[in-house]
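The structure under discussion appears below in the form of structure tokens.
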């Protein structure tokens, strides 16, 4: 079905691993869905949902960690958002001149959490959950639910007030060569619609560092699929200005992917040669792994990192050296995950050309999920 040329590499890259933040045995020790970015002043900044109790829980907070030594050591997590709801994901981008934009979304998980609460056999944990759920009221959902952003003018040291957004995606917008910010994400129509998967993938742009956004276009879908199948997009820009978007695609209630011949929890690709106003018909890549993060490397390569949640659990990468027309995929950053609750890797290039990738994964079976990093080099 796909015209994209794919080559399965299936080998480990030369890599070094470390920890951004880990509280493996703490009640509020769960971290997930991070994004790493350069601050503009030489530091690395990681945003994530953290100080949680589980993948879905009443306690999600947006946290920031900072490194001044190239990722070797990190500050303790600083809480930036702590609404009464579950603050999830965290996108981050440097907007130039020390400015940064932080994005996240906040959901009403009461139905899911109520079922999980009933299954808890630890009364101490159940009491914490009941207290957390008590904060999730209809009024709180009306006030705090949806997609959000905040701005920093000092490289992520302090943050302005939250502001509503039309779309959400795990790793947020990117900064184009022109200085414009481009945000390709999932429209957040309503809380009910969000849970159904309603809403198209749309491209938004900002010429003022992310203060205001204009809708540029809506991205197309594959035949025999619906908007409900598409989530968690990310965009990369190659040297000639072409935009490459990869999107997580998966089964949705009433919209199975079998008829379309597309693998569940995989990626589709679409490109734009006119700054995001029009997009090519999407092409399924049809191998397991999602969601994507794209990095434009100084070598000219386009690098995508993604999570693997079957078989040898862990973090993977794929590389294109021709603007997304062909990919070497299944490069193994690590394959030591204890289960499928992991992934969402995002990457930055360091001064020596190596790649620094941050993701979430348990350090050992039974531990809370941690924020971990891998430093690796592009294969020849």
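Every read-out reported here was derived from the displayed coordinates using simple, explicitly stated rules and does not represent laboratory data. From a predicted model like this one, the values you see are computed outputs, not experimental measurements. Every residue, glycine as well, gets a Cβ built from its backbone with ideal geometry; the counts of neighbours run over all protein chains shown.
The table for this structure:
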read-out: Value of [θ]222 nm, deg cm²/dmol, for the chain, DSSP H segments ≥ 4, -39500 (n - 2.57) each, nearest 500; value: -2500 deg cm²/dmol
read-out: For the chain, share of DSSP beta bridges that run antiparallel, in % to the nearest 5; value: 95 percent
read-out: Taking N as its residue count, the alpha carbon Rg of region 114-212 over 2.2 N^0.38 Å; value: 1.41
read-out: Where the Cα pairs of region 244-340 fall when distances are cut into 10 Å bins, in %; value: 15, 44, 32, 9, 0
read-out: Alpha-carbon centroids, region 192-253 and region 318-380: separation in whole Å; value: 22 Å
read-out: Set of region 146-186 residues, backbone N closer than 14 Å to the point 7 Å along the Cα-Cβ line of residue 28; value: none
read-out: Contact order normalised by residue count of region 68-167, Cα under 8 Å, 6+ apart, percent; value: 30 percent
read-out: Full-stretch length increase - residue 11, residue 164 - with 0.36 nm per residue and alpha-carbon distance subtracted; value: 50.9 nm
read-out: Pair residue 130, residue 69: separation of 7 Å Cα→Cβ label points (nm); value: 4.6 nm
read-out: Stretch gain in nm, segment residue 76-residue 118, where the contour uses 0.36 nm per residue and the Cα spacing is subtracted; value: 11.8 nm
read-out: GNM result for the chain, Cα springs below 10 Å: residue of 285, 120, 219 fluctuating most strongly; value: 120
read-out: Equivalent ellipsoid semi-axes - Cα gyration tensor, region 1-100, angstrom; value: 26, 20, 17
read-out: Spherically averaged projected area of region 5-376 from its Cα convex hull (nm²); value: 17.0 nm²
read-out: Inter-site label distance for residue 200 and residue 138 at 7 Å from Cα along Cβ, in nm; value: 3.3 nm
read-out: Cα-only Debye scattering, region 66-165: base-10 log of I(q)/I(0) at q = 0.10, 0.14, 0.18, 0.23 Å⁻¹; value: -0.39, -0.69, -0.93, -1.16
